[in-house]
Amino acid sequence: MHVDVPAKVQEIYDAVLRRNPGEDEFHQAVREVLDSLAVVLGRHSEYAEMKTIERICEPERQIIFRVPWQDDSGEVQINRGFRVEFNSALGPYKGGLRFHPSVNLGIVKFLGFEQIFKNALTGMPIGGGKGGSDFDPKGRSDAEVMRFCQSFMTELYRHLGEYTDVPAGDIGVGAREIGYLFGQYKRITNRYESGVLTGKGLGWGGALVRTEATGYGAAFFAEAMMDVRGESFDGKRVVVSGSGNVAVYGIEKVHQMGGTAVACSDSSGYVVDEKGIDLDLLKQVKEVERGRIADYAERRGSASFVAGGSIWDVPCDVAIPSATQNELDGDAAGTLAGNGCRYVVEGANMPATPAAVKAFREAGVAFAPGKAANAGGVATSALEMQQNASRDRWTFEHSEARLAEIMRDIHSRCHETAEEYGSPGDLVLGANVAGFLQVAEAVHAHGLI
Ligand code: NDP
Ligand code: 2IT
């Protein structure tokens, strides 16, 4: 079969736009993958014939539900819950839950779509999914968060299972929320099904290194990128946006590898600390007190807080955007490159806009897409599932060694695939093509479903 590749790619994209109106982030994620897959369609006409890409762009199942709960003052609150079960070709749906007021179907779909390819790249047997709610945990008491989680799980439980769909954390969902969600799942089903959620507490089925995994993994990935260029983190200035789970442990590993993280942020602004971020203080402020990044600057003489503004104005050698989607635009990319930044590694999901990615490419800045660089979190979730399934518990050292190996493998796979498909150094293309090929082969093998 002869395939007019550019026409085919446009046709698939147009259909996604038509079928998913107004879902800008989902459109953006699909567009990026489609642009990479043109080279694949040129070589594999069977994927055009069997509409493999079209099938992967359509979620297997999308669940939207009401989440009613009562706040501490007795007022009734209504939120909306989502779970998009995107693709199960490689394993049970796997991906986090995000609790943030901005969450809508388009955001959950973009995240679920990215997750399919990310999870494939880990080499672990996990499909792609994502969920969440427009619930805002900020300023809520533990009791309110618990009641919300219990209501959320009261609907979601019927769609989950260790062989069906396995959620974890994301923005606004950490060990506290996973605990309440697990408790409610256990209560409703009368099953201690450890493998139904990952990111659990270490005393009841959680895996060592899962907490650190995404940030550590991004640093391991960056190290592999530098290694190709005969460099290392030693002596490098690093800027990490965000100050949540990914940012904190990204900074921790950067420091262990000899780099210095000099800035981090939250949604109210950023801090610059020329002496290097004090991790003990950062963890105290953000993890223990659930405070704001401005509190860090108040308690640290060498740090200053900039309200609002762009953290990307801070000069650095390496940038690790680890807050949220589209937080780094074309202008910020130009500023970073102009200030001498040479590596950009996405700790978050799709933090760089398409204009930013283009600017990095043109400026010769080495760029790693989130679906490769932040895959350490979900990879370690798969290791947690493995430990749960075998009723086993691994040491920190063993788990970290596995994570480091997985990240190096993902980097090599992306690097080699980019070369094989005629775009050496383009890790975006490498990640999309390598992830797609693995999923597509399984989709094909399973017949028309
Ligand atoms: P957390 O909730 O722990 O932290 C999120 C951080 O990002 C906070 O500092 C938060 O600031 C900031 N942030 C969130 N939304 C916005 C926004 N709209 N504008 C500005 N700042 C914002 O989340 P994680 O660290 O877990 O997640 C960060 C990113 O990494 C997300 O893109 C997530 O999808 C991705 N990711 C997470 C993984 C994980 O294992 N946790 C795995 C792979 C990717 P504030 O507190 O002010 O809201
Ligand atoms: O975006 C992600 O990969 C995550 N939030 C982690 C998902 C998981 O299942 O560990």
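Values in this text are rule-based calculations from the coordinates and carry no lab data. Computed from a prediction, not measured in an experiment: that's the story for all the values here. Using ideal geometry, Cβ is built from the backbone for each residue, glycine included, and neighbour counts are taken over all protein chains shown.
Miscellaneous remarks
- Arg66/Gln28 FRET efficiency (R0 45 Å; Cβ-Cβ; nearest 0.05): 0.95
- Using all pairs of distinct alpha-carbon atoms, the Kirkwood hydrodynamic radius of the stretch 6-113 works out to 15.7 angstrom.
- Taking Cβ atoms as reference points and 12 Å as the exclusive limit, the residues near Thr52 contribute a net charge of -2, counting Lys and Arg as +1 and Asp and Glu as -1.
- Cα point-scatterer Debye curve for the stretch 147-189, base-10 log of I(q)/I(0) at q = 0.14, 0.19 Å⁻¹: -0.28, -0.52
- Contact order relative to length of the chain, as percent, for alpha carbon pairs under 8 angstrom and 6 or more apart: 15
- Here the stretch 57-153 is treated as a sphere whose radius is the Kirkwood value from Cα pairs; by Stokes-Einstein at 4 °C and 1.567 mPa s it diffuses with a coefficient of 93 µm²/s.
- Computed over neighbours whose Cβ is under 11 Å from that of His415, the net charge equals -4, Lys and Arg +1, Asp and Glu -1.
- DSSP finds beta bridges in the stretch 49-179, and of those with both partners inside it, around 70 percent are antiparallel.
- Sorting the segments 108-114, 9-15 by their residues' average number of neighbouring beta-carbon atoms within 10 angstrom, most packed first, yields 108-114, 9-15.
- The chain: most fluctuating residue of Tyr216, Tyr157, Tyr93 per GNM, C-alpha cutoff 10 Å: Tyr157
- Entries in Lys200/Lys253; Lys109/Lys236; Lys138/Lys358; Lys118/Lys286; Lys51/Lys109; Lys118/Lys283 that, when Cα-Cα distance is taken, lie over 30 Å: Lys109/Lys236; Lys138/Lys358
- Listed residue (Gly206, Ile277, Asn245) projecting farthest to the positive dipole end of the stretch 191-311, Cβ model: Gly206
- For the stretch 1-157, size of Cβ-based charge dipole, Lys and Arg +1, Asp and Glu -1, in debye: 280
- Each 20 Å bin, from zero up to the one with the longest distance, holds this percent of the alpha carbon pairs of the chain: 26, 60, 14, 0.
- Estimated from the Cβ-Cβ distance and a Förster radius of 51 angstrom, the FRET efficiency linking Ser73 and Arg408 is about 0.50.
- Within-13-Å neighbourhood charge of Phe360 [Cβ basis; K, R +1; D, E -1]: -2
- Treating each Cα of the stretch 168-236 as one equal point scatterer and applying the Debye formula with no solvent, the log10 of I(q)/I(0) at q = 0.15, 0.23, 0.24 Å⁻¹ comes out as -0.60, -0.95, -1.00.
- Percentage of interatomic Cα-Cα distances in the stretch 290-378 larger than 21 Å: 35
- Taking 7 Å steps out from each Cα toward its Cβ at Leu281 and Ile188 produces label points 4.4 nm apart.
- Mean projection area, nm², convex hull over Cα of the stretch 1-44: 3.1
- Distance in nm between pseudo-label sites at Asn104 and Arg229 (7 Å out along the Cβ direction from Cα): 3.8
- Shape class of the stretch 100-196 from the alpha-carbon gyration tensor: oblate, with a/c at 1.5 or above and b/c at least as large as a/b.
- Cα centroid separation, the stretch 254-300 to the stretch 80-131 (Å): 29
- Modelled this way, with points 7 Å down the Cα-to-C-beta line, the labels at Arg391 and Glu416 are 3.8 nm from one another.
- Tail fraction, Cα-Cα pairs, the stretch 228-356, threshold 19 Å, whole percent: 43
- Shape category assigned to the stretch 345-449 from the gyration tensor of Cα positions, a/c cut at 1.5: oblate
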